[in-house]
Amino acid sequence: MKFRSHFERLDVFPRGLLPISDAICRFNPVYGQGMSVAALEACLLQRLLELGEYSNPIAALAPAFFAEVQTLIETPWSVAKLDFVFPDIRGQRPADFETTLKFGIALTRLADEDPAVHKLTIEVQHLLKPRSVYRHPTLVQRVLTKMAEM
């Protein structure tokens, strides 16, 4: 079962508490990204602590961490949302689910034909690159062309 908590939306967060890993977002283990996200979150925490920009790190750390962790979660969460393709998955499907699904299928077909695109999709799946690389105009155009062929 997957879920995502939105601690960043709370007006007040308990001082001295910092949830990480599955407490923030739990993924379907079939994708093998939970431990990777936890490691990335630990690196983010280390970086924030090393910055030492906080006069009171215990009070200020959580908001800074929650703001930046959203970027880390974006890519694996987008993969997790694909589970909505299965009818037994509970929850509200994203408004753009059908388009996202078609884009993903077209991207996979393009990756099958183009080694550079295949490499890019593997790098995103392994969290080496953010999902935002899929928004590059040239790639988007190529995927849309592939979608039109479907």
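The values are calculated or read from the model by the stated rules, or taken from the named source; none is laboratory data. Keep in mind it's a predicted model, so treat the numbers as computed, not measured. Note that each Cβ is placed from the backbone with ideal geometry, even for glycine, and that neighbours are counted across all protein chains shown. Accessible surface is based on the protein model in full, side chains and every heavy atom, while ligands, DNA and RNA are left aside. Shrake-Rupley method; radii C 1.70, N 1.55, O 1.52, S 1.80 Å.
Let me know the charge dipole size of the stretch 57-128 about its Cα centre in debye, to the nearest 20, where only the beta-carbon of Lys, Arg (+1) and Asp, Glu (-1) is charged.
Result for the stretch 57-128 is approximately 160 debye, rounded to the nearest 20.
So what's the projected area for the chain, the Cα convex hull averaged over all directions, in nm²?
Its average projected convex-hull area is 10.7 nm².
Excluding ligands and nucleic acids, what accessible area in Å² is computed for residue 86 using a 1.4 Å probe, to the nearest 10?
Using a 1.4 Å probe on the heavy atoms, I get roughly 120 Å².
Quick one: pull the percent of accessible area on the chain belonging to carbon and sulfur, 1.4 Å probe, ligands and nucleic acids left out.
It is 59 percent, rounded to a whole number.
Return a single number: how many Lys pairs in the chain, at a sequence separation of 8 or more or on separate chains, have alpha-carbon atoms below 15 angstrom apart.
Counting lysine pairs in the chain gives 4.
Can you give me the accessible area per residue for the stretch 1-112, using a 1.4 Å probe, in Å²?
For the stretch 1-112, the per-residue accessible area is 62 Å².
With all distinct Cα pairs included, what does the Kirkwood hydrodynamic radius of the stretch 56-135 come out to in Å, to one decimal, could you say?
Taking every pair of different Cα atoms in the stretch 56-135, averaging 1/r and inverting gives 14.7 Å.
Report, in degrees rounded to the nearest 10, the 0 to 90 angle that the Cα long axis of helix 57-80 makes with the longest principal axis of the chain.
For helix 57-80, the angle is close to 20 degrees.
Mind pulling the angle between the C-alpha long axis of helix 115-125 and the longest principal axis of the chain? Nearest 10 degrees, somewhere in 0 to 90.
Result, in degrees: 30.
Which distance in nm do the two modelled labels at residue 82 and residue 59 give, with both placed 7 Å along the Cα-to-Cβ direction?
For residue 82 paired with residue 59, the spin-label model returns 4.5 nm.
On a 0 to 90 degree scale, rounded to 10, what angle separates helix 97-113 from the longest Cα axis of the chain?
It is inclined by approximately 70 degrees.
What does the helix-only formula give at 222 nm for the chain: each DSSP H stretch with n ≥ 4 adding -39500 (n - 2.57), the total divided by the residues, and the result rounded to the nearest 500 deg cm²/dmol?
-18500 deg cm²/dmol
How large is Rg over Rh for the stretch 101-143, taking Rg from the Cα atoms and Rh as the Kirkwood inverse mean of 1/r across Cα pairs?
Computed over Cα atoms, the ratio is 0.92.
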